[in-house]
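Structure, as structure tokens:
The values are calculated or read from the model by the stated rules, or taken from the named source; none is laboratory data. Please read these numbers as outputs of a predicted model, since none were measured by experiment. Cβ coordinates were reconstructed from backbone atoms using ideal geometry, including for glycine residues, and neighbour counts include every protein chain displayed. Ligands, DNA and RNA are stripped out before the accessible areas are found, and what is left, the full protein with its side chains, is counted by its heavy atoms. Shrake-Rupley method; radii C 1.70, N 1.55, O 1.52, S 1.80 Å.
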Amino acid sequence: TRRIAMASLCYWLVSWIVGLYEGEGCLSFCTKPGRKPGKENRYGSLTLQIKMTDEDTIQRASKFLGVSYSTTDRSKETPRYKPIYRVRKSGGLQGQLMDLLDRMKPHLCKRRQEQIETAINKCKNMSK
């Protein structure tokens, strides 16, 4: 019964992060320089990012993703603005981020699925 409970908990957490990502998140692709100099020595990286003004939600997402979160305090410039909290998870074509994206993808809307496919294809093209 413990396995069943853990499986349903994992399903619940993935469902929760899917909803949070659909509403507040984005997936981006960027290139980074490799260890050796030269244009041909670059690699692609994917970054899942979620930003919002609810710290407790971002804190929970950061624990789920296994990363820390950061704050941008805009109240110094304009007192009526709330701080913005951001969590980012980066990775390549293998690893935790890809595993998470694979689990999330069937539950996302078509537009979000296409965004993930586009970012993954760009990353694959960089590794050729």
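Looking only at the range 55-81, count how many residues are over 12 Å from residue 25 (Cβ atoms) and in contact with an Asp or Glu (Cβ under 9 Å, 6 or more places away or on another chain).
We begin by selecting, within the range 55-81, every residue over 12 Å from residue 25 (Cβ atoms); these are 55-56, 59-60, 62-64, 66-81.
Now restrict to residues that are in contact with an Asp or Glu (Cβ under 9 Å, 6 or more places away or on another chain): 69, 71, 81.
The total comes to 3.
At pLDDT below 95 and open to solvent by less than 70 Å² (accessible area, probe 1.4 Å): which single residue out of 58, 116 fits that description? Even if it seems obvious, please write down each step before you answer.
Numbers: 58 fails: at pLDDT below 95.
Sole residue among the options that is at pLDDT below 95 and open to solvent by less than 70 Å² (accessible area, probe 1.4 Å): 116.
Do any residues in the range 18-47 that are under 15 Å from residue 87 (Cα atoms) and open to solvent by less than 60 Å² (accessible area, probe 1.4 Å) have Cβ atoms under 7 Å from those of residues that are among the aromatic types (Phe, Trp, Tyr) and at pLDDT 75 or above, where the two are at least six apart or on different chains, and which pairs are they?
Pairs found: 46/29.
From the residues in the range 98-111 that are charged (D, E, K, R) and over 13 Å from the mean Cα position of the chain (by Cα), which one is nearest to residue 28 (Cα to Cα)? Break it down stepwise before answering.
Residues of the range 98-111 that are charged (D, E, K, R), as a first pass: 99, 102-103, 105, 110-111.
Still in the list and also over 13 Å from the mean Cα position of the chain (by Cα): 110-111.
Working: 110: 17, 111: 14 Å.
The extreme case among them is 111.
With the requirement that a residue be open to solvent by 50 Å² or more (accessible area, probe 1.4 Å), free of Cβ contacts under 8 Å to residues at least 24 places away in the same chain and under 15 Å from residue 47 (Cα atoms), what does the range 64-82 give you? Spell out the reasoning first.
Here is the first cut: in the range 64-82, the ones open to solvent by 50 Å² or more (accessible area, probe 1.4 Å) are 64, 66, 68-69, 71-74, 76-77, 79-82.
In the following step, the residues that additionally are free of Cβ contacts under 8 Å to residues at least 24 places away in the same chain were identified as 68-69, 71-74, 76-77, 79-81.
Selection gives 68, 69.
Specify the residue that is nearest to the chain's Cα centre (by Cα); the eligible residues are those in the range 78-97 that are under 23 Å from residue 10 (Cβ atoms), at pLDDT below 90 and of a type outside the set (Gly, Ala, Ser).
Ranking the qualifying residues of the range 78-97, first place goes to 96.
Return the pair list, or none, for Cβ contacts closer than 6 Å from residues in the range 83-107 that are open to solvent by less than 60 Å² (accessible area, probe 1.4 Å) and assigned to a helix (DSSP H, G or I) to residues that are at pLDDT below 90 and not hydrophobic (A, V, I, L, M, F, W, C), at least 6 apart or on different chains.
If the second residue must be at pLDDT below 90 and not hydrophobic (A, V, I, L, M, F, W, C), the pairs left are 97/91.
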